[in-house]
Structures are given as structure tokens and as C-alpha cells.
Amino acid sequence: MRRRALLALLPGAALAQDFPARVVTIVSPYQAGGTSDVIARALAAALAEIWSRPVVVENRPGANGALGVQAVTRAPADGHTLLAVANSALTLNPVLYPNLPYVPLRDLTPITRTGTVANVLVVNPAVPATNVAEFIALARARPGAIAYASQGIGSNGHVTGERFAQAAGVSLLHAPYRGSAPALTDLLGGQVQAMFDNLPSALPHIREGRLRALAVTTLGRDAALPELPSLAQSGLPGFDSSAWFALLGPAGMPPALLPRIERDVLAALSRPDTISRLTAAGVSITAEGAASLTRLIPIETEAWRETITRAGIRAE
């Protein structure tokens with residue numbers, strides 16, 4: 001019996017030893033330019049050096065990340081196709097989409113969280129509000145007239161906006177887009193007035209004065225903009241809505257292969273060049289490993305369920 005068990009492990013052990021045997025593809029299920037894409041490309045560059053093999057990023061946007069996630073669930077579980085994804089695809093989509101074509105912990109293999117970022121409330125400079133109190137007062141004076149853009153229905157930016165509206169007692173108009181980049185384009189052009197965006201993608205526009213930042217959505221301030229208060233410090237005590245990102249593979253990865261990939265990804269995240277690249281983009285590296293990510297997904301799914309149910313958010 002013991003000999004048969006050892007023999008069954010041999011193919012997986014051999015695969016782990018020979019990995020990678022060809023190009024590794026990291027699927028980013030969003031438009032290029034967003035935070036998840038930034039992290040995916042930083043990882044790809046570091047892993048290509050560690051593995052001495054090409055590592056490419058493939059953008060497959062659509063359905064709040066569901067299309068790209070589904071593509072990875074259908075890929076061979078040999079480690080050559082990985083998924084760099086935002087928490088919304090793992091913890092929000094299961095609540096929003098009753099017919100979602102994947103179940104995160106059934107159809108994917110968690111590897112590690114990769115980074116955490118604050119969301120930031122930004123407005124077009126034409127909006128007559130220079131702080132959160134003024135923005136709330138403006139929204140109360142013009143209920144339903146202030147439009148905030150998001151990366152899509154059910155995205156982290158969408159549910160953060162709804163959580164803000166509930167906490168502040170205001171009514172905002174939600175304007176969903178297909179990704180952060182097109183939403184920012186219309187915000188910069190004045191077609192919408194506000195956005196709860198990941199700090200890294202909004203940061204260049206804030207620094208160049210094209211957008212006005214009012215607050216970050218974490219409990220405390222963020223090191224990338226230390227002068228900017230949080231919503232919790234601006235009259236909404238306890239408000240906390242960060243976005244986090246993770247790397248996963250298809251379900252069924254050989255037990256001997258997962259620790260190898262996990263080890264190398266954690267090593268990639270600890271490289272000085274990766275740390276510098278992601279820190280400059282406003283990403284706090286979160287290298288916690290597979291076990292931590294596996295525990296977190298169901299906990300956060302339930303935490304968001306209340307906000308989504310109360311707001312009556314429905315996926316199209």
C-alpha cells in the first residue's frame with residue numbers, strides 16, 4: 001500500500017522538478033493598466049528571472065473578471081497557466097452572480113495574496129468639494145445627481161461606493177465601466193464626477209493635479225499619500241474598504257508542484273526590484289502564502305454579502 005502511494009506521487013514530483021517546461025502565462029482578467037495588471041507584470045518579470053523561462057501576461061477582461069477566471073479554471077493544472085486577480089472576482093462575484101461558472105475554492109488553487117492597496121475617493125477638479133465633508137454636503141444637496149464611476153457592476157469600486165453612500169446617508173448615481181482605465185478617462189473628462197479607485201491607478205493623476213483626492217478608504221492614512229486623511233478620519237468612523245490581489249492556479253495542481261510555485265512567487269515578491277516597483281505604484285506587498293488565502297476567501301465573501309444585499313446590487 002505504501003509503495004503504491006509513493007508511486008502515485010511520482011508524476012507530480014517529476015512535474016515539480018521539471019517546472020517550468022515552457023512559457024508560463026499569467027492571466028490578468030482585466031484591462032491593461034489597472035492595479036491587478038501592474039502586479040501581474042511585476043511578478044512576470046521577477047518569475048522569468050527565477051525560472052529562466054519567459055513569463056507573459058495575457059489580459060482577458062470581461063464580466064468583472066469572470067471571463068479570465070473561467071479561462072484559467074479550464075487550463076491544465078500543470079502550473080503553466082496562473083491567475084493574477086483582484087479580490088472582487090473571488091469574494092464579490094460569488095454573491096453577485098447566481099450562475100457564476102466557477103466556485104473559487106473548488107475550481108482554483110490558491111497560491112498567495114500578492115498585494116493590498118487602499119481605494120481612494122477622487123473627484124474631477126471641477127467638483128466644488130475639497131474634502132469629504134464638503135463632498136457629502138454636495139451629495140445631500142443634489143441627491144442622485146453626483147455620478148461615481150466604477151470598474152464595473154460588482155467591482156470593488158462599486159461596492160465601496162455603495163458602502164460609502166450607506167455610511168454617509170447619501171444617494172449617488174453609479175456609472176459602471178469595463179475596467180479602471182475607461183472609468184478614469186471619463187472622470188478626467190468630466191463625464192462623471194467621482195470614483196473610488198485603487199490608489200495605484202489613480203495616483204499619477206492625483207500627483208499631476210488632474211484629479212483631486214479627498215480620502216483613502218483604509219482605516220488609517222496610506223504611505224503613498226501621507227497627507228491625505230482616511231474616510232474613517234473624515235467623519236465616517238470604522239470605514240475600511242481595501243482592495244487586495246492574489247495569484248492562483250487551476251484546481252487539481254499536483255501537491256508537489258504547489259509548494260514549489262508558492263515558494264518561488266514569495267521569493268519574487270521579496271526581491272528588492274519587485275518591492276520598489278510595487279511600492280512606487282502604491283501597492284503594499286502581502287505575501288502570506290496559500291493557507292492564509294484559502295482561509296480569507298470565504299470570510300470576506302460573507303463580509304461583503306451584507307453591503308451587497310442592502311444596496312440591492314444585481315449583476316447584469
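Applied to the stretch 168-176, the Karplus parametrisation 6.51 cos²θ - 1.76 cosθ + 1.60 on θ = phi - 60° returns per-residue 3J(HN,Hα) values of 8, x, 10, 10, 10, 9, 8, 10, x Hz, with x for Gly and Pro. Other residues whose C-beta falls under 12 angstrom from the C-beta of Glu288 contribute a net charge of +1, scoring Lys and Arg +1 and Asp and Glu -1. When the charge dipole of the chain is built from unit charges on Cβ atoms (+1 for Lys and Arg, -1 for Asp and Glu) and taken about the Cα centre, the candidate among Thr112, Ile313, Gly144 whose Cα reaches farthest toward its positive end is Thr112.
From the list [x] 74, 42, 38; [y] 74, 40, 30; [z] 57, 40, 37, can you say which value of Cα extents along the principal axes in Å was derived from the structure given? It is the one labelled [y]. For Asn59, the residues 5 or more places off, or on other chains, whose built amide H falls under 5 Å of its own are Ser28.
Assuming charge only on the beta carbon of Lys and Arg (+1) and of Asp and Glu (-1), the dipole of the chain about its Cα centre is about 560 debye to the nearest 20. When each of Met253, Met195 is scored by the number of other beta-carbon atoms lying within 10 Å, the sequence from fewest to most is Met253, Met195. Share of pairwise Cα-Cα distances greater than 21 Å in the stretch 118-216 is 20 percent (whole percent). What FRET efficiency do you get for Arg207 and Val56 if R0 is 30 Å and r is their Cβ-Cβ distance, rounded to the nearest 0.05? Computed FRET efficiency for Arg207 and Val56 comes out at 0.50.
Phi angles of the stretch 120-130 translate, via the Karplus equation with coefficients 6.51, -1.76, 1.60 and θ = phi - 60°, into HN-Hα couplings of 9, 7, 10, 10, 5, x, 6, 6, x, 9, 10 Hz per residue; Gly and Pro are given as x. Per-peptide packing, taken as the mean over residues of other Cβ atoms within 10 Å, places 130-141, 56-67 in the sequence 56-67, 130-141 from highest down. If you take the Cα centroid of the stretch 205-245 and the Cα centroid of the stretch 65-134, the two points sit 20 Å apart. Based on C-alpha pairs under 8 angstrom that are at least 6 apart in sequence, the chain has a relative contact order of 27 percent.
Electrostatic bookkeeping for Ile39 treats Lys and Arg as +1 and Asp and Glu as -1; over the other residues with beta carbon under 12 Å from its beta carbon, the sum is +2. Remark on Val170: its backbone amide H falls under 5 Å from none of the residues 5 or more positions apart or on other chains, H modelled at 1.01 Å from N.
Per-residue Karplus couplings for the stretch 16-26, computed as 6.51 cos²θ - 1.76 cosθ + 1.60 with θ equal to phi - 60°, are listed in order as 5, 5, 8, 6, x, 9, 7, 4, 9, 10, 9 Hz, Gly and Pro entered as x.
Readers should treat all values here as calculations from the given coordinates under stated rules, not as data from a laboratory. Model, not experiment: these values are computed from the prediction. Ideal geometry is used to build each Cβ from the backbone, glycine not excepted, and the neighbour counts take in all protein chains shown.
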